1. Which pairs in the list Lys118/Lys183; Lys64/Lys183; Lys101/Lys151; Lys64/Lys101; Lys55/Lys164 are over 32 Å apart, alpha-carbon to alpha-carbon?
2. Determine, for Asp31, Asp181, the number of other Cβ atoms within 10 Å of each Cβ, and report the residues in order from fewest to most.
3. For Asp88 and Lys164 in the same chain, what is the full-extension length gain: residue separation times 0.36 nm, less their Cα-Cα distance, in nm?
4. Determine ³J(HN,Hα), in whole Hz, for all residues of the range 173-183 in sequence, where each value follows from phi through the Karplus function 6.51 cos²θ - 1.76 cosθ + 1.60 and θ = phi - 60°; x replaces Gly and Pro.
5. Short version: ³J(HN,Hα) in whole Hz for each residue of the range 79-86, in order, from phi by Karplus 6.51 cos²θ - 1.76 cosθ + 1.60 (θ = phi - 60°), x for Gly and Pro, what are they?
6. If R₀ is 25 angstrom, what is the calculated FRET efficiency for the pair Val174 and Thr68, using the beta carbon separation as r and rounding to 0.05?
7. What are the residues whose amide H is under 5 Å from the amide H of Val135, where those residues sit 5 or more places off or on another chain and H is modelled from the backbone?
8. At most 11 other C-beta atoms within 10 Å and a DSSP loop state: those are the exposed trypsin sites (Lys or Arg not before Pro) I care about. Give me the longest piece of the chain that has none.
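Values in this text are rule-based calculations from the coordinates and carry no lab data. Computed from a predicted structure; not experimentally measured. As a convention, Cβ positions derive from the backbone with ideal geometry for all residues, glycine included, and neighbour counts pool all protein chains shown.
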Amino acid sequence: MNKPTLVTTLAFLLAGAAPLAAAAPATYAVDPTHTFARYAIPHFDTSTNRGIVGKASGSVMLDKEARTGTADIRLDMSFIQTGVPGLDSHLKGVDFFDVAKYPTARFVGERFVFDGDKLQQVVGQLTLRDRTHPVTLQAQRFNCYESPMLKREVCGGDFEATIKRSLWGAGWGVGMGFADDVKLTIQIEAIRQ
């Protein structure tokens, strides 16, 4: 192969590689003002107790072209609000989250599952009270948009799962009429870095 052909071939290969480099995964930082975990737990087959856990932090890696991603989200468990101060205190105590000993919950999303361009699930592990179990979050909504305020891309959505709280050592009241199954709804937005 003569030199001009070699140079031409290399230039062609490098030009073809440029779009691949542009499609690399992007990092998104969790926006704590738009990221919360909500829970709902029925009790005595009547009303549903609901609460919110806030003060989220973490990051998301997303490759929209390859339809892959990972997430690492942390929640400050001392920020629990139900609207009932006595219940907030009980939830933070040893019967439930034992916040003094285990101040942080963590969800590590290991795999994003897409159907075409639509994100369907985030498969991962939830650590709570120093116990880790698999959790699959169902994507109810997921979208990326250019924020008119931030002038940057923001991706986010609502994600849901139902878990058995006793797996994480928070089974107080299960035999008394409080459900073991808890519906989690995680609202998240993350800003491209």
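1. Correct reply: Lys101/Lys151; Lys64/Lys101.
2. Starting with the residue having the fewest Cβ neighbours, the order is Asp181, Asp31.
3. Gain in length upon complete extension: 25.4 nm.
4. Karplus-based 3J(HN,Hα) across the range 173-183 equals x, 4, x, 10, x, 8, 5, 7, 6, 10, 8 Hz.
5. Karplus values, whole Hz, x for Gly and Pro: 9, 10, 9, 10, x, 10, x, x.
6. For R0 = 25 Å, the calculated efficiency reads 0.10.
7. Gly124, Gln125, Leu126
8. Looking at the chain, 1-100 is the longest stretch - no exposed trypsin sites (Lys or Arg not before Pro) with at most 11 other Cβ atoms within 10 Å.
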